[in-house]
1. When the accessible area of the chain is split by element with a 1.4 Å probe, what percent falls to carbon and sulfur?
2. Give, as a single signed number, the net charge of other residues whose beta carbon lies under 11 Å from the beta carbon of Gln407, with Lys and Arg counted +1 and Asp and Glu -1.
3. How tilted is helix 312-325 with respect to the longest principal axis of the chain? Cα atoms for both, answer in degrees (0 to 90, nearest 10).
4. Round to the nearest 10 and give me the degree value, 0 to 90, for the angle of helix 592-659's Cα axis relative to the longest principal axis of the chain.
5. Once you order the gyration tensor axes a ≥ b ≥ c over the Cα atoms, which shape class does the range 64-220 get: rounded for a/c under 1.5, otherwise prolate or oblate by comparing a/b with b/c?
6. Determine the sum of side-chain charges near Asn294: Lys and Arg each +1, Asp and Glu each -1, restricted to other residues whose C-beta is under 11 angstrom from that of Asn294.
7. Given the -39500 (n - 2.57) contribution per DSSP H run of 4+ residues, what per-residue ellipticity at 222 nm results for the chain, rounded to the nearest 500 deg cm²/dmol?
8. Starting at the first residue of the range 232-249, write each ³J(HN,Hα) from the Karplus equation 6.51 cos²θ - 1.76 cosθ + 1.60 with θ = phi - 60°, in whole Hz, x for Gly and Pro.
Amino acid sequence: MANVSSVGIGSGVLTSDLIDQLVSAERTPTENRLDSREQSVTAELSLFAQIQSAVTDIRLPARNLANPDTFNELTVNAGSSAFTASSNSKAIAGNYTLEVTSLAKSQSLSSGTFADSDTTQVGEGTLAFTIDGVTTNLAINSSNNTLDGIASAINEESALGASATVINNGSGYQLVITSSETGVAKAIEINVTDSDGNNIDGTGLSQLSYTTGAQNLIQNQAATDASFNFNGIAITRTSNTVDDLVEGLTIELKGTNTGSPASLTVERDDDVVVEKVQEFVDKYNALRALIVENSQIDPSNPAAAGLLVGDTATRSISNQIRNILGRTIEGLGNDPVRGLAELGISTNNDTGNLQFNEAEFREKLESSPESVAAVFSKQGRTTDGQIEFLRAGSDTKPGSYDINVTQLSTKGAFTGASALAASTVIDGDNDTFTLSIDGNSSATITLTAGTYNQADLVAEIQSQINADQSLSNAGVSLVVALDGSNQLTFTSDSYGSNSQVQFLGVDATTLTTLGIDAVAGTAGLDVEGTINGVAATGTGQVLSGASGTDVAGLLVEIQGGATGSRGSVSYIEGVGEKLVDLINNFLSVDGTITAKNERLNSELDSIALSRANLEERLTNLESNLVRQFTAADILIAQLNSTQDFIKGQLEALAGTGSDD
């Protein structure tokens, strides 16, 4: 491009300033239009970001209210320092009295005093620890026969059920053995096989014997159960943590209050619910205020209209939210309350804001807690007491659906081949077996040798199976019992086709004495039936609604009863759940808010492109003007030169004429 600063030298008329003025005249109207549009779009984008934030702010309190547990929040008050208590979602309100008469304690045993802990030899042989019916043998030899060595041997055996430490009492060293758990059942028995041949005297390894006939250790603390009176009923537990007395309630015993029963109250915490409802109302009103403020029209100054006037996206968002808030909840036709307006949450006719009558809300929450919860949260109800609603999926439609059961679920079981004798001897020929429960194999299970009646043998087998770590780690269990023919039965605690008991290996005479052979039992059955007239999927006791239908994702548990028509299950979706779904939809990839943001950002991109095109067009214009002005300037310069030549010739001619 020609040097703009040189333009006009020849003519003095077609200068670079004139080019700048012409380019500026071309730039100004378009640039002003783009600036104005960019400012408007940027302001709208900023405002819509505030609306998006306000809509998102509604989602959290809506989600809290959509959670049924919000309406089951409980406060637990203990009337004595002798105990504390806590609750979970399964607890219900109630008033109780509790009198703690004794705490559960671990047994603690100690040895005599030794001069040192790591040199003096205690003795050699075997220590057989028996705790809660389970015996564990520890070999004591020259490598671990000091106090420190024996303590380490005890602590290294994780399944032993006891721990050991060596203390310095000021006069010497003692071995202290403590049961790992509290309760009488966890008392420690130590049988010694001493290398010196005497297993009960006070010398050698038998110094550590603690049996009925040879208590050579000192009992510093006896194993005791917790004892307390609950509503006047005498109760004992092996632990000071009591979580199986009242469903959903855990009591921690801390001390005693003998003779002074104290109150234990479990009350619904209405303040939590009120606080969450107020937060929801406040967040909705904040969104409403933002929209109203930016939707004002001044008839005398139309140019000052709010940015949201005529905005379809905002209007759609507002209308859809208001529609949910004003709707009667489907499925609550016969309930005392069926919508927000009946709970004291109404719309102000003048402002459009929600107004919250707390006193009315508390009254309805007190009288109809289940209905109030259903107005906000998702809820399932069944007409059959032996059918439990578990959950609904994202595709489940609110409504009432018939349930028909064609097959009840069963547990896997193994039944012995022959009746158990009135008295059975357990010895080396029938004391071990392995089995699997629900596909999980045990380690070798060993019964304690002895002569058993039927009840005691059932208890011994149950105890040893319960103690198997492999089964415990897998989370599987079974129940041992005798059937009407006195045959041993082993029944899995789980339901369904995966429920099975199988014996993998038995001893030489186990079949003849116990009726147990290495074979599989009968597998359990899954429940079968229909929900809403469509075949459901059965897994154990659970029926799952068919995918692609209104009941997709709906799960109910058939806990018992008979086959045939079993009433119905109703799925209710409250305001909170619907709002969470709606807001998630607004924010989804193709949602209203996302589409609005994409359109505004696209418009900014379009403005930026228009600016780039303008600059390119003006650059071309300037280049053309420079080229045209330069050509004209050269021509003018040539004409001026010709003019000067002619003028000089004329002047020369005129001078010649005057000389003559």
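The values are calculated or read from the model by the stated rules, or taken from the named source; none is laboratory data. Note that the structure is predicted; figures quoted are calculated from it, not measured. Using ideal geometry, Cβ is built from the backbone for each residue, glycine included, and neighbour counts are taken over all protein chains shown. Please note that ligands, DNA and RNA were not included when accessible areas were found on the heavy atoms of the full protein model with its side chains. Shrake-Rupley method; radii C 1.70, N 1.55, O 1.52, S 1.80 Å.
1. Details: 15180 of 32460 Å².
Roughly 47 percent, rounded to a whole number.
2. Working: positive: none; negative: Asp526, Glu528.
Neighbourhood net charge equals -2.
3. Here the helix axis deviates by roughly 30 degrees.
4. 20
5. Values: a/c = 2.93, a/b = 2.71, b/c = 1.08.
Cα axes put the range 64-220 in the prolate bin.
6. On the way: positive: none; negative: Glu44, Glu293, Asp311.
Local net charge: -3.
7. Values: 11 runs with 221 residues, N = 660.
That comes out to -11500 deg cm²/dmol.
8. Karplus values, whole Hz, x for Gly and Pro: x, 9, 6, 10, 10, 9, 6, 10, 7, 9, 10, 10, 10, 8, 10, 4, x, 10.
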